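**Student:** Structure incoming, see below.
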Amino acid sequence: MNWTWFHKLGSPKWFYEISGRWLPWFAVAAVLLLGVGLVWGLAFAPPDYQQGNSFRIIYIHVPVAFLAQSCYVLLAVAGAIGLVWRMKLADIALQCAAPIGAWMTFVALVTGAIWGKPTWGTWWVWDARLTSMLILLFLYFGIIALGQAIANRDSAAKACAVLAIVGVVNIPIIKYSVEWWNSLHQPATFTLTEKPAMPMEMWLPMLVMVLGIYCFFAAVLLLRMRLEVLRREARSNWAKSEIKALLGAP
Amino acid sequence: MSFSSFAEFVAMGNHGLYVWSAYGIGLAVLVINVAGPLLARRRYLREEARRLRREESK
């Protein structure tokens, strides 16, 4: 396997150039996929035979909950890379992804509560799936707070990386919570590895929404990372000339 | 199309309030996540422009 791309990631300038080329594609894909998925899921997918139309919340709830967990795994991977290879970009990725992950966890919790009311008759129960998702939100808050509280960038990066890696134990707990404990929460309805538990015309719009939300995440993450790279590299020559070019200065 | 009229689509079989508030909150958060970094970028570039002007006038 060719690893040059990995070593190039050590260069903020290279990342800045390549991400500038990718960002528009992710943005366009996100808008198209989310647009198609929304209309498909809300208007064309058949209603659930038990839950009726309230089940349509699934098309926002599940993709967002998926992303909330993948994003945390990304933090842990970035943290490990940062600790092992001292890659500056890893800390930038970690710091920039954490707020997005926190927002996604928040939406997963809120849409879940809104879905729970007509389905279970309650907004919230302290069961394993819901509680472990709440813990995920607090883990995100912890990482964000830690990153901002420590003034020294290297120490902050190390502390956040360790917290991200330790906290990743929560991810399998979230995933298997519906199997390990009795839960009000229904088991996984969306899976790529097994035959889906829902009919094709319900499952396809979900696939589109999941792909859309990942493209959205990629676009927003690159947007945030590019700004952070520019900030941290502001003293280097390439960043200076890039800032001048963006300002339209001669 | 699984609805026969627009009114039925809005009503979502008496679950309209739940479905639309979930999607409303979801979309609002997506918009916040796009607008935040864009505004931060604009603010940063404006600060840099001010700093460059100060340095030039020195």
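The values are calculated or read from the model by the stated rules, or taken from the named source; none is laboratory data. Only a predicted model underlies this, so the values are computations on that prediction, with no experimental measurement involved. Every residue, glycine among them, receives a Cβ derived from its backbone with ideal geometry; neighbour counts consider all protein chains shown.
**Student:** For the condition under 19 Å from B:LEU38 (Cα atoms) and of a type in the set (Asp, Glu), what is the one hit in A:GLU194, A:GLU242? Talk me through it step by step, then tell me what you get.
**Tutor:** On the way: A:GLU194 fails: under 19 Å from B:LEU38 (Cα atoms).
None of the other options fit; the residue is A:GLU242.
**Student:** Taking A:ALA45 as the residue in question, decide whether it is touching a residue at least 12 places away in the same chain (Cβ under 8 Å) and within 16 Å of the chain's Cα centre (by Cα).
**Tutor:** Numbers: touching a residue at least 12 places away in the same chain (Cβ under 8 Å): yes; within 16 Å of the chain's Cα centre (by Cα): no.
In short, no.
**Student:** Restrict the check to region A:184-191 and report whether at least one residue is within 12 Å of chain B (Cβ to nearest Cβ) and either modelled with pLDDT under 90 or in contact with a helix residue (DSSP H, G or I) (Cβ under 9 Å, 6 or more places away or on another chain) (or both). Reasoning before the result, please.
**Tutor:** Here is the first cut: in region A:184-191, the ones within 12 Å of chain B (Cβ to nearest Cβ) are none.
Scanning region A:184-191 turns up no residue that is within 12 Å of chain B (Cβ to nearest Cβ) and either modelled with pLDDT under 90 or in contact with a helix residue (DSSP H, G or I) (Cβ under 9 Å, 6 or more places away or on another chain) (or both).
**Student:** Identify all residues within region B:17-51 that are farther than 23 Å from A:LEU222 by Cα, more than 7 Å from chain A (Cβ to nearest Cβ) and either of a type in the set (A, V, I, L, M, F, W, C) or buried (at least 16 other Cβ atoms within 10 Å of the Cβ) (or both); write none if there are none.
**Tutor:** If the condition is that a residue be farther than 23 Å from A:LEU222 by Cα, more than 7 Å from chain A (Cβ to nearest Cβ) and either of a type in the set (A, V, I, L, M, F, W, C) or buried (at least 16 other Cβ atoms within 10 Å of the Cβ) (or both), then B:LEU17, B:TRP20 are the ones that fit.
**Student:** Going through A:GLY212, A:GLY147, A:GLY167, A:GLY142 one at a time, which residue ends up being among the small types (Gly, Ala, Ser), touching a residue at least 12 places away in the same chain (Cβ under 8 Å) and in contact with a Pro (Cβ under 8 Å, 6 or more places away or on another chain)? Before the answer, list the steps.
**Tutor:** Details: A:GLY147 fails: in contact with a Pro (Cβ under 8 Å, 6 or more places away or on another chain); A:GLY167 fails: in contact with a Pro (Cβ under 8 Å, 6 or more places away or on another chain); A:GLY142 fails: in contact with a Pro (Cβ under 8 Å, 6 or more places away or on another chain).
Matching residue, one of A:GLY212, A:GLY147, A:GLY167, A:GLY142: A:GLY212.
**Student:** Tell me yes or no: at least one residue of region A:69-77 is within 30 Å of A:ARG231 (Cα to Cα), small (Gly, Ala, Ser) and in contact (Cβ under 8 Å) with a residue 60 or more places away in the chain. Lay out the reasoning, then the answer.
**Tutor:** Taking region A:69-77 as the starting set, the residues that turn out to be within 30 Å of A:ARG231 (Cα to Cα) are A:69-77.
Add one more test, that the residue is small (Gly, Ala, Ser), and what stays is A:70, A:76.
If we keep only those that are in contact (Cβ under 8 Å) with a residue 60 or more places away in the chain too, we end up with A:70, A:76.
Yes, region A:69-77 has at least one match.
**Student:** Which of the residues belonging to region B:2-16 are touching a Gly at 6+ places or on another chain (Cβ under 7 Å), within 7 Å of another protein chain (Cβ to nearest Cβ) and modelled with pLDDT under 85? Talk me through it step by step, then tell me what you get.
**Tutor:** Residues of region B:2-16 that are touching a Gly at 6+ places or on another chain (Cβ under 7 Å), as a first pass: B:10, B:13, B:15.
Still in the list and also within 7 Å of another protein chain (Cβ to nearest Cβ): B:13, B:15.
Passing the criteria: only B:GLY13.
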